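Participant: I have a structure I would like to understand better, so I am pasting it below and will then ask my questions one at a time.
The values are calculated or read from the model by the stated rules, or taken from the named source; none is laboratory data. On a predicted model such as this, the values are computed, not experimentally measured, just so you know. Virtual Cβ from ideal backbone geometry, glycine too; neighbours counted across all protein chains shown.
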Amino acid sequence: MTNLQQHPEPPAELEAEPVVVNLGPQHPSTHGVFRLRVIMDGETIQDVEPIFGYLHRGTEKLAEERSYTQVVTLTDRLDYTAAMSNNLAYVLAVEKLAGIEVPERGMYLRVIAAELQRIAAHLIFVGFSLDELGAFHTPLLYGFRERERILDLFEMLCGARITVSYMRPGGVHQDAPVDFWPALDRFLADMPHYLDELQGLIAENEIVVARTKGLAVLLAAKAINCSMSGPVLRASGVAWDLRKQDPYDVYGRMQFDIPVGANGDTYDRLLVRLYEARQSLRIVAQARKEIPGGPVRTQAPFFIRPPVGEAYGHVEAPKGELGFYLVSQGGISPYRCKIRSPSFINLTALKEMLVGYKVADLVVIFGSIDVNMGEVDR
Amino acid sequence: MTYGAGIAKGLMVTMRNLFRKPTTVQYPEERLPQHPRFRGEDFVWYEERCTGCASCAKYCPLGIIKIVTSPSGTQTQEGEKYRLEVFDIDIARCMFCGLCVEACPYDALHMGSGFERGRYARNDLTIHIDELKSAPKRPSTWFRPQLEAKGYDPFSGETVPWQGVSRASKNDPTKEEMDSRWVERQ
């Protein structure tokens, strides 16, 4: 008879095997329906496999059966926090393809709209980053409070707040109303104080510094190899901005700096966006001062028939380089529409940034890339 | 850096914000002001101006406007209108891009200003021609610079008759003159 009280001898070394954890697709911190299959050794991340496609709507295919003007409404829904930038990238591609000239005033209005949208998108990013660091909702709503004023300006410009559909091949659909300019002046006067307050809240906050300084350092060489763009690349110290390198619309006349980070860590990625918002304010103020009179739109037909050929239009969207590659076969709709979305390509370096860190930092590092699922899955 | 200084600094901001006026509004009782250009869902359609050309239906990216016309008389003359039997706008699928309004060559279709058209059944979301005819005419000024030039505000409660939304000048012939011209020529 065996003794039930006697335990078997424990093995000399405990066997440990990696644990597979699924983060998402319905997780509040993955910025949409994004799934991360994380292989962990205890709390340390060993391997990461991003799985996406949950929000795939086939924008590129839908564009093939709509006329060039109608596709503008689809681009609103790519990166829904930056609809103006998406509109701009698309209409630039169509204008290049069909050879449409844009009046000066139209260009200035587009620059003002795109820069206001950049501030709004960066405010969302900063708010959600703090949300992910554990500062629940209060700083997020500080960001949303000022974003609300930008959305009010958009409502004056084009009648909508998120899905704006403001730009058309050949300019913008409508001139700004008379009460837009005083409202813009008030916004430009208030916004620097607000950005100072927000920066004071996060830049020297001990918790933010302790959790983000030196976290997930992305070296410049690695960032370039991974084809990163936008604030993530600039945080790594590469001064690459399409508004300077390949100026479109009237950016060539604007005076502004490219803020770059020193270390390429999560802290730099957080701060570089706040500095960029200040530069955007500078651009809006200059454009507001220099804007000429005249028409805002070249009368292009609704059913544009560009000559056979191809064109690539790209802009510096809040998340990075957003490009539209259009192929025309002479018809009223594009034969092929390829979207180079910054969020999707910025995810390339996700694995390198995550491996070796603890699971508590995963959400913070992932959030610092600032991806938008509407754009990743398209 | 000594710990604690940052927290004190953060609390200063919190204290400053504590005595601000709240930025939130109690929605159903209070409302934020909307701009007259707001693209809303209660479309305004002027029967008198519409010729049944179906430009709006053709320009819609989703194809949600349904128009059925029939000739108004036995002999349809040039300059005479079609009679519209069906003019359905499927609000359930509409994305309020406003391309239909931009397309209308006769300023017959306008955006509305509402955003609260909730219904229990999906079919009830379609706006039919009878509703379009009887609805109060408070058009949004989106893509209608002639309304903006007059300083018209859709939230003031005043309605705009079909003559008031014209882009034409006073020297243009009236509808009666146009009709009489056709009678004289016949």
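Participant: State whether one or more residues within the range A:296-305 are free of Cβ contacts under 8 Å to residues at least 24 places away in the same chain and not hydrophobic (A, V, I, L, M, F, W, C). Steps first, please.
Facilitator: Step one: of the range A:296-305, the residues free of Cβ contacts under 8 Å to residues at least 24 places away in the same chain are A:301.
Cutting the leftovers down to not hydrophobic (A, V, I, L, M, F, W, C) gives us A:301.
Yes: the range A:296-305 contains one or more residues that are free of Cβ contacts under 8 Å to residues at least 24 places away in the same chain and not hydrophobic (A, V, I, L, M, F, W, C).
Participant: What is the one condition in (1) surrounded by 22 or more Cβ atoms within 10 Å (Cβ to Cβ); (2) part of a loop (DSSP other than H, G, I, E, B); (3) within 13 Å of chain B (Cβ to nearest Cβ) that A:Val72 does not satisfy?
Facilitator: (2)
Participant: Considering only the range A:119-142, state which residues are assigned to a helix (DSSP H, G or I), of a type outside the set (A, V, I, L, M) and more than 16 Å from the chain's Cα centre (by Cα). Show your work before the answer.
Facilitator: As a first pass, look at the range A:119-142 and keep what is assigned to a helix (DSSP H, G or I): A:119-132, A:138-142.
The next check asks that each one be of a type outside the set (A, V, I, L, M); those that pass are A:122, A:125, A:127-129, A:131-132, A:138-139, A:142.
The answer is A:Asp131, A:Glu132, A:Thr138, A:Pro139, A:Tyr142.
Participant: So A:Phe154 passes all but one of these: (1) part of a helix (DSSP H, G or I); (2) more than 13 Å from every other protein chain (Cβ to nearest Cβ); (3) within 30 Å of B:Pro36 (Cβ to Cβ). Which condition number does it fail?
Facilitator: (2)
Participant: So, one more: Take the range A:158-176 and flag every residue that is polar (S, T, N, Q) and farther than 13 Å from A:Met84 by Cβ.
Facilitator: Initial filter on the range A:158-176 (polar (S, T, N, Q)): A:163, A:165, A:174.
Residue satisfying the conditions is A:Gln174 alone.
Participant: Any idea how many residues of the range A:129-150 are over 14 Å from A:Met191 (Cβ atoms) and buried (at least 18 other Cβ atoms within 10 Å of the Cβ)? Steps first, please.
Facilitator: Of the range A:129-150, the ones over 14 Å from A:Met191 (Cβ atoms) are A:129-141, A:144.
The next check asks that each one be buried (at least 18 other Cβ atoms within 10 Å of the Cβ); those that pass are A:129-133, A:135, A:139-140.
Within the range A:129-150, residues that are over 14 Å from A:Met191 (Cβ atoms) and buried (at least 18 other Cβ atoms within 10 Å of the Cβ) number 8.
Participant: Please enumerate the residues belonging to the range B:98-139 that are among the hydroxyl-bearing types (Ser, Thr, Tyr), more than 21 Å from B:Thr51 (Cα to Cα) and part of a loop (DSSP other than H, G, I, E, B).
Facilitator: Of all residues in the range B:98-139, those among the hydroxyl-bearing types (Ser, Thr, Tyr) come to B:106, B:113, B:120, B:126, B:134.
The next check asks that each one be more than 21 Å from B:Thr51 (Cα to Cα); those that pass are B:113, B:120, B:126.
Answer for the range B:98-139, where residues must be among the hydroxyl-bearing types (Ser, Thr, Tyr), more than 21 Å from B:Thr51 (Cα to Cα) and part of a loop (DSSP other than H, G, I, E, B): B:Ser113, B:Tyr120.
Participant: Name the residue, out of B:Pro28, B:Pro33, B:Pro22, that is surrounded by fewer than 10 Cβ atoms within 10 Å (Cβ to Cβ), within 14 Å of another protein chain (Cβ to nearest Cβ) and closer than 20 Å to B:Ser156 by Cα. Show your work before the answer.
Facilitator: Details: B:Pro28 fails: within 14 Å of another protein chain (Cβ to nearest Cβ); B:Pro22 fails: closer than 20 Å to B:Ser156 by Cα.
Just one listed residue meets the conditions, B:Pro33.
Participant: Hey, another quick one. Looking only at residues in the range A:170-194 that are within 13 Å of another protein chain (Cβ to nearest Cβ) and hydrophobic (A, V, I, L, M, F, W, C), which one is nearest to B:Ala149 (Cα to Cα)?
Facilitator: For the range A:170-194, the residue satisfying everything is A:Val178.
Participant: Same structure, new question: When the residues of the range A:260-275 are narrowed to those that are assigned to a loop (DSSP other than H, G, I, E, B) and of a type outside the set (Asp, Glu), which ends up surrounded by the fewest Cβ atoms within 10 Å (Cβ to Cβ)? Steps first, answer last, please.
Facilitator: We begin by selecting, within the range A:260-275, every residue assigned to a loop (DSSP other than H, G, I, E, B); these are A:260-265.
From what's left, of a type outside the set (Asp, Glu): A:260-264.
Details: A:Val260: 20, A:Gly261: 23, A:Ala262: 12, A:Asn263: 16, A:Gly264: 25.
This residue is A:Ala262.
Participant: Return yes when A:Met167 is within 13 Å of another protein chain (Cβ to nearest Cβ) and either within 23 Å of the chain's Cα centre (by Cα) or among the acidic types (Asp, Glu) (or both) and no when it is not. Break it down stepwise before answering.
Facilitator: On the way: within 13 Å of another protein chain (Cβ to nearest Cβ): yes; either within 23 Å of the chain's Cα centre (by Cα) or among the acidic types (Asp, Glu) (or both): yes.
Here the answer is yes, as A:Met167 does meet what is asked.
Participant: A further question on this structure: For the structure I just gave you, tell me whether A:Ala63 is within 14 Å of chain B (Cβ to nearest Cβ), crowded, with 17+ Cβ neighbours inside 10 Å, more than 24 Å from A:Glu310 (Cβ to Cβ) and at pLDDT 85 or above. Spell out how you get there, then give the answer.
Facilitator: Working: within 14 Å of chain B (Cβ to nearest Cβ): yes; crowded, with 17+ Cβ neighbours inside 10 Å: yes; more than 24 Å from A:Glu310 (Cβ to Cβ): no; at pLDDT 85 or above: yes.
Spelling it out, it is not the case that A:Ala63 is within 14 Å of chain B (Cβ to nearest Cβ), crowded, with 17+ Cβ neighbours inside 10 Å, more than 24 Å from A:Glu310 (Cβ to Cβ) and at pLDDT 85 or above.
Participant: Here is a follow-up. Which one of these is at pLDDT 90 or above and over 26 Å from A:Tyr142 (Cα atoms): A:Leu188, A:Leu184, A:Leu233, A:Leu219? Walk me through how you get there before you give the answer.
Facilitator: Values: A:Leu188 fails: over 26 Å from A:Tyr142 (Cα atoms); A:Leu184 fails: over 26 Å from A:Tyr142 (Cα atoms); A:Leu219 fails: at pLDDT 90 or above.
From the options A:Leu188, A:Leu184, A:Leu233, A:Leu219, the qualifying one is A:Leu233.
Participant: From the list A:Asp241, A:Asp257, which one is touching a residue at least 12 places away in the same chain (Cβ under 8 Å) and surrounded by fewer than 14 Cβ atoms within 10 Å (Cβ to Cβ)? If you could, list the steps in order and put the result at the bottom.
Facilitator: On the way: A:Asp241 fails: surrounded by fewer than 14 Cβ atoms within 10 Å (Cβ to Cβ).
Being touching a residue at least 12 places away in the same chain (Cβ under 8 Å) and surrounded by fewer than 14 Cβ atoms within 10 Å (Cβ to Cβ) holds for just one of A:Asp241, A:Asp257, which is A:Asp257.
Participant: Right, here's the next one. Out of the residues in the range B:102-123 that are under 10 Å from the mean Cα position of the chain (by Cα) and within 10 Å of chain A (Cβ to nearest Cβ), state the one that is nearest to B:Trp45 (Cα to Cα).
Facilitator: Taking the candidates together, the pick is B:Met111.
Participant: Take the range B:137-157 and flag every residue that is loosely packed, with under 12 Cβ neighbours inside 10 Å and either on the phi > 0 side of the Ramachandran plot or more than 13 Å from chain A (Cβ to nearest Cβ) (or both).
Facilitator: Once the filter is applied, which keeps residues that are loosely packed, with under 12 Cβ neighbours inside 10 Å and either on the phi > 0 side of the Ramachandran plot or more than 13 Å from chain A (Cβ to nearest Cβ) (or both), the range B:137-157 yields B:Gly151, B:Ser156, B:Gly157.
Participant: Now for a different question. Could you check, for the range B:49-68, whether at least one of its residues is over 30 Å from A:Val72 (Cα atoms) and more than 14 Å from chain A (Cβ to nearest Cβ)?
Facilitator: Filtering the range B:49-68 down to residues over 30 Å from A:Val72 (Cα atoms) leaves none.
So far as the range B:49-68 goes, no, none of its residues is over 30 Å from A:Val72 (Cα atoms) and more than 14 Å from chain A (Cβ to nearest Cβ).
Participant: Please indicate, with yes or no, whether at least one residue in the range A:359-374 is touching a residue at least 24 places away in the same chain (Cβ under 8 Å), assigned to a strand (DSSP E or B) and crowded, with 19+ Cβ neighbours inside 10 Å.
Facilitator: Filtering the range A:359-374 down to residues touching a residue at least 24 places away in the same chain (Cβ under 8 Å) leaves A:359-374.
Add one more test, that the residue is assigned to a strand (DSSP E or B), and what stays is none.
Scanning the range A:359-374, I find no residue that is touching a residue at least 24 places away in the same chain (Cβ under 8 Å), assigned to a strand (DSSP E or B) and crowded, with 19+ Cβ neighbours inside 10 Å, so the answer is no.
Participant: Still on this structure, I have one more. Can you go through B:Arg181, B:Arg185, B:Arg167, B:Arg122 and tell me which one is at pLDDT 85 or above and surrounded by fewer than 15 Cβ atoms within 10 Å (Cβ to Cβ)?
Facilitator: Details: B:Arg181 fails: at pLDDT 85 or above; B:Arg185 fails: at pLDDT 85 or above; B:Arg167 fails: at pLDDT 85 or above.
The unique qualifying residue is B:Arg122.
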